[in-house]
Amino acid sequence: DDIALAFGTLRLKGKGSDAGHNGLKHIAATLGTQEYARLRFGIGNDFPRGGQIDYVLGHFTEDECKQIPERLEKVGEIIKSFCLAGLDITMNQFNHKK
């Protein structure tokens with residue numbers, strides 16, 4: 001999940017920092033590096049000041065729930081492409097506006 005991206009936006013990255021994301025911190029600590037591919041799934045940032053934790057751990061809106069199946073289908077396409085074609089080709093093909 002990524003609050004820096006609009007809901008449903010998908011971005012594949014080859015490496016990067018954890019940007020304060022606890023899940024990514026754990027992965028980096030386990031692997032001993034931050035140089036691993038990650039697929040970012042935008043959840044938006046529609047929360048009041050100080051409400052980030054509740055927002056990130058909260059529920060999707062009804063409208064967002066309706067969009068999830070299509071977004072997850074796209075996630076599957078990205079993962080398949082990453083496995084078969086590699087990182088660079090997949091990033092070039094999929095890293096654009098939804």
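Work out the charge dipole of the chain with +1 on the Cβ of Lys and Arg and -1 on the Cβ of Asp and Glu about the Cα centre, then indicate which of Gly42, Ile79, Gly58 is farthest towards its positive end.
In the chain, that residue is Ile79.
Mind checking the full-extension length gain between Ala6 and Asn95? Use 0.36 nm per residue of separation minus the Cα-Cα distance, one decimal, nm.
30.7 nm
For the chain, what does -39500 (n - 2.57) per DSSP helix run (n ≥ 4), summed and divided by total residues, give at 222 nm, in deg cm²/dmol to the nearest 500? Walk me through the numbers before you get to the answer.
Values: 4 runs with 48 residues, N = 98.
Value at 222 nm, helices only, nearest 500: -15000 deg cm²/dmol.
How large is the direction-averaged shadow of the alpha-carbon convex hull of the chain, in nm²?
Averaging across all directions leaves 6.8 nm² for the Cα convex hull.
Given labels modelled 7 Å from the Cα in the Cβ direction, how far is it in nm from Cys65 to Lys25?
Taking the two extended label points, one gets 3.1 nm.
Nearest 20 debye, what's the magnitude of the dipole of the stretch 10-94 about its Cα centre given +1 on Lys and Arg Cβ and -1 on Asp and Glu Cβ?
300
GluC sites (Glu not before Pro), restricted to the stretch 6-98: which are DSSP loop and have at most 13 other Cβ atoms within 10 Å?
Glu35
Read-outs throughout are calculated quantities, based only on the coordinates presented, and are distinct from any laboratory measurement. As the structure is a computational prediction, the values presented were derived from the model and not from experiment. Note that we place each Cβ from the backbone using ideal geometry, even for glycine, and neighbour counts take in every protein chain shown.
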